[in-house]
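First the structure, in the form of structure tokens, and then the observations on it.
Nothing in this text is a laboratory measurement; each read-out follows from the coordinates by a stated rule. Predicted model, so just to flag it, every value in this text is computed and none were measured. So basically every Cβ, Gly included, is an ideal-geometry build from the backbone, and we count neighbours across all protein chains shown.
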Amino acid sequence: MHIVVLAGGIGGAKFLAGVRAVARESGSEVTAVVNVGDDVTLHGLRICPDLDSVMYTLGGGADPERGWGRRGETWTVKEELTAYGAEPTWFGLGDRDLATHLVRTRMLDAGYPLSAVTEALCTRWQPGVRLLPATDDRVETHVVVEDDRSGPQGEAARAGLVAGGSQKAIHFQEWWVRHRAALPAKRFVFVGAEASKPAAGVLEALAAADAVLVAPSNPVVSIAPILAVGGIRDALTAPVVGVSPIIGGAPVRGMADKCLAAVQTECSAAGVGGLYGARSAGGLLDGWLVDTSDADVTVPGVTVRSHDLWMRDEASTAAIVRAALEVAGV
Ligand code: GDP
Ligand code: FO1
Ligand code: CA
């Protein structure tokens, strides 16, 4: 059997550990198609947070508390950059993590596509599943927010002396890390998505898939940018089953509620199921797995099943994966 998983970072990584366990039992092959919308170039280095969260987690090198970056990390370079006043000081690149970005940037600069760079990095980490970026093209999530009207310029705007009430787009990382998603997001723009193509191997994996599982990742900023890559939606011919990242009306972790508010979607398993929508109505899903506490949820046109969705450890996550595969009919 061939299983394809659409995944973001931390939720995607935890889920994939369970998929890998199930695949080992059944001799199945797993391909993870990972979001690149969070990717950013800082200090001249290309950083791919979701790919790295998955690679480090499955490779045993992730920091378990943070969920991103390396276990046993040190921060000497960050401190030195801060001493120089080198912006941005709000984004922390750990010393160990930096080596990944140095190798990646060097390979990208030499002309290798991100998919080949990721494969090369994975020869060290041996994640046990095939990791593919959704695209080899540059697709970045930007967040449209109200322009800051504090400070002298804002004062002039408030006084009606210069145009006020304008909007600006900032990189997703600036919104997420610097502002902790506290600036109300007007909308998300996946810059470059329209002209993008799936990375090498993505369409082949989807064509060979017996089931596509949508990890319990952030639907708005982890899964939507994958689906925005040209050609991916149309290639989802195998049964698609999603796993809800929302339990009892709240994200298990993170700030998905802020993202859902920006797309006028209720933060609930029903809300996210409805946002993805039924394949029969032009949406994504054939099946939707919700937590047992959300067992009464319905999504028109979608087979909804419930299961304990807390990914406590590999065994509990593997049970979630088996339940999702059952909904997919494989
Ligand atoms: P990010 O890219 O690092 O933000 O991670 P993802 O987008 O892959 O996943 C983030 C989502 O994972 C959050 O919205 C969480 O609610 C969800 N999540 C984290 N742990 C669990 C869990 O144990 N169960 C479920 N169902 N969702 C989880
Ligand atoms: N998240 C933070 O909250 N603060 C950071 O300084 C930070 C640095 C960072 C560096 C490399 C990396 O791969 C991820 C990093 N993250 C950091 C996590 C990341 O910003 C987000 O959690 C994800 O992009 C959301 O999926
Ligand atoms: Ca992400």
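Highest-first packing order for the peptide set 246-253, 270-277 is 270-277, 246-253, based on the mean count of other beta carbon atoms within 10 Å.
Please identify the GluC sites (Glu not before Pro) of region 167-257 that satisfy two criteria: DSSP loop assignment and at most 10 other Cβ atoms within 10 Å. Which are they? Kindly include the intermediate steps, with their values, before the conclusion.
Values: sites: Glu174, Glu194, Glu204; in loops: Glu194.
Passing sites in region 167-257 are Glu194.
Per residue, the convex hull around the alpha carbon atoms of the chain comes to 142 Å³.
Based on other C-beta atoms within 10 Å, arrange Phe188, Phe15, Phe91 from fewest to most.
On the way: Phe188 21, Phe15 28, Phe91 18.
Ranked by crowding around the Cβ, least crowded first: Phe91, Phe188, Phe15.
Cα centroid separation, region 301-324 to region 202-274: 15 Å. Of the trypsin sites (Lys or Arg not before Pro) in region 282-330, the ones in a loop by DSSP (not H, G, I, E or B) with at most 13 other beta carbons within 10 Å are Arg312.
For the chain, the 222 nm mean residue ellipticity estimated from helices alone, with every DSSP H stretch of n ≥ 4 adding -39500 (n - 2.57) and the total spread over all residues, rounds to -10000 deg cm²/dmol.
For q values of 0.20 Å⁻¹, compute log₁₀ I(q)/I(0) with the Debye formula on a Cα-only model of region 1-128, without solvent. Result of the Debye calculation: -1.19. The length gained by stretching the chain between Ala208 and Ser26 to full extension, at 0.36 nm per residue less their Cα-Cα distance, is 63.9 nm.
From the square roots a ≥ b ≥ c of the eigenvalues of the alpha-carbon gyration tensor of region 167-295, which class results: rounded (a/c under 1.5), prolate (a/b over b/c), or oblate? Note, shape of region 167-295 comes out oblate. Here is the list for region 41-144: GluC sites (Glu not before Pro) lying in DSSP coil, each with at most 15 other C-beta atoms within 10 angstrom of its C-beta, are Glu65.
Note on Arg66 and Met1: their simple-model spin labels are 3.6 nm apart, each label 7 Å out from Cα toward Cβ. In terms of the Cα gyration tensor, with a ≥ b ≥ c the square roots of its eigenvalues, is region 191-233 rounded because a/c is under 1.5, prolate because a/b exceeds b/c, or oblate? Oblate shape, in that a/c is at least 1.5 and b/c is the bigger or equal ratio.
Looking at the square roots a ≥ b ≥ c of the eigenvalues of the Cα gyration tensor of region 258-303, which shape do they give, rounded for a/c under 1.5, prolate if a/b is larger than b/c, or oblate?
Numbers: a/c = 2.53, a/b = 1.13, b/c = 2.24.
Judged from the Cα gyration tensor, region 258-303 comes out oblate (a/c at least 1.5, b/c at or above a/b).
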